[in-house]
Each structure stands twice: as structure tokens, then as C-alpha cells.
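Comments concern the structure below.
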Amino acid sequence: MAKRDAPPRWDRKMQQRLARGEAAALGELYDRFASLVHGLAHRVLGDERAADGITRDVFAHVWEHPDAYDPKQGPLRTWVATLTHRLAVQRLRATETAALARAGHGSTEELERKVRHASVAARADYIVQSMPVPLRAALELAYFQRRDYRQTAADLGVTEDEARRRLRLGLQLLSTAHDTAAPGAPPGYGGAV
């Protein structure tokens, strides 16, 4: 991984507060990242109750192991997303392996295909949530509201060239969801499935 600048001040301070055992820090972290954690877990597992469990597990892990986060490795948001992904994939594998064993059929290839599919979807969600608002707004208009680049430009109050640029950059970022180096891992923190 390439050397990074110093992590954001909030990330460093949050890690220090958690290491001191400040319950208010955990509450603040939860307020900031709970929807991200739950959304990623739900995307991988496809189950609301299981996503709730992963959300609890992630914040319990952060509380019990605050020193596991190394600010030099990347943003706290990415570390939390990576932890979420890892725990959700572990739960998916355990659940699916048990289901395959009960059914008496299926294969590990089928399980790994499910895990890869869920990982790519979770990574795409993470990328969209993390991208700058102007790029995300252009993609949402173009793909969810089926607006072409001219309509997107008019809706955003930008030139057509700027709308095309935003769409192109957003799509380039999304295309990294299919990277095979670390399938499903959020960008920037390492750690494969």
C-alpha cells in the first residue's frame, strides 16, 4: 500500500478516545457509521436480522479492540467498513456451509460465487456512499432516474461537459468494485475476503 498522509484528525482523536474507554466516543462512532455498517452487512447477507447482529459485533469489536485500528493504514471509515465486510463474509460462509450440509448438496464453488457476488455488491455500495456528492448526484440522476447526460446537466445546473465528466468519473470509481486483487474489500485498507 502506498504511503499516505497523516490520517484525518477526527480519526486519530476517535481512536485515542476509544482506547481510553470513553463510552461517548463509541456512541459518536455509532452515530456516524451505523448506517454504513448495517448497509454493508445487509448487502452481503441479505438479511435484516443478520445485519443487525453484524452491526452489534462490529461495534463490540471496536470497543473491545480500539488499538486494532491503525490510523497510518487509512481512514477509520474504511477500517470499520473492512471489519464489517470481513465479519459479514464469515457469517455468510458459516450460514451457507451449514445450509449446504443440511441439504446434502451444493458445492464450495457455489458458496464462493455467492460470497464474491455479495462482496462486489457491498464494495459498490461502499464506493457510491464514499464518492463526492457531485459524482453521486450525477450517477443517481442518470441511473436511478434514467436521465441522460443532458437532463442530468440541466438538473444539476452544470454544463453538459461537466455532467459527462462526473458520470465518467463516477463510473470509473464503480468499476473498481470488480477488482480481483481484494474482492469486496473497501478501497484503501487492504484485507481480502
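The values are calculated or read from the model by the stated rules, or taken from the named source; none is laboratory data. Just so it is clear, the structure is predicted and the values come from calculations on it, not from any experiment. Glycine also receives a Cβ, built like all others from the backbone with ideal geometry; neighbour counts cover every protein chain displayed. Heavy atoms of the whole protein, side chains included, go into the accessibility calculation; ligands, DNA and RNA do not. Shrake-Rupley method; radii C 1.70, N 1.55, O 1.52, S 1.80 Å.
Of all residues in region 45-77, those satisfying the criterion of being open to solvent by 10 Å² or more (accessible area, probe 1.4 Å), in contact (Cβ under 8 Å) with a residue 40 or more places away in the chain and either in a helix (DSSP H, G or I) or not assigned by TED's automatic domain parsing to the domain that holds ALA118 (or both) are LEU45, ALA50, TRP63, PRO66, ASP67, PRO71, LYS72, GLN73, ARG77. Number of residues in region 57-71 that are modelled with pLDDT of 90 or more and out of contact with any Leu (no Cβ under 7 Å at 6 or more places or on another chain) equals 5. Scan region 117-129 residue by residue and report those that are touching a residue at least 40 places away in the same chain (Cβ under 8 Å) and surrounded by fewer than 18 Cβ atoms within 10 Å (Cβ to Cβ). Result: VAL120, ALA121, VAL128, GLN129.
Listed residues ARG91, ARG123, ARG136, ARG146; which is assigned to a helix (DSSP H, G or I) and modelled with pLDDT of 85 or more? Step by step, each of ARG91, ARG123, ARG136, ARG146 is checked, and only ARG91 is assigned to a helix (DSSP H, G or I) and modelled with pLDDT of 85 or more. Filtering region 19-32 to residues that are open to solvent by 10 Å² or more (accessible area, probe 1.4 Å) and under 18 Å from the mean Cα position of the chain (by Cα) leaves TYR30, ASP31, ARG32.
When ARG168, ARG164, ARG146 are checked against the criterion of being in contact with a helix residue (DSSP H, G or I) (Cβ under 7 Å, 6 or more places away or on another chain) and not assigned by TED's automatic domain parsing to the domain that holds VAL89, a single residue qualifies: ARG164.
Take region 149-162 and flag every residue that is outside any helix (DSSP H, G or I) and of a type in the set (Ser, Thr, Tyr). Residue satisfying the conditions is THR159 alone.
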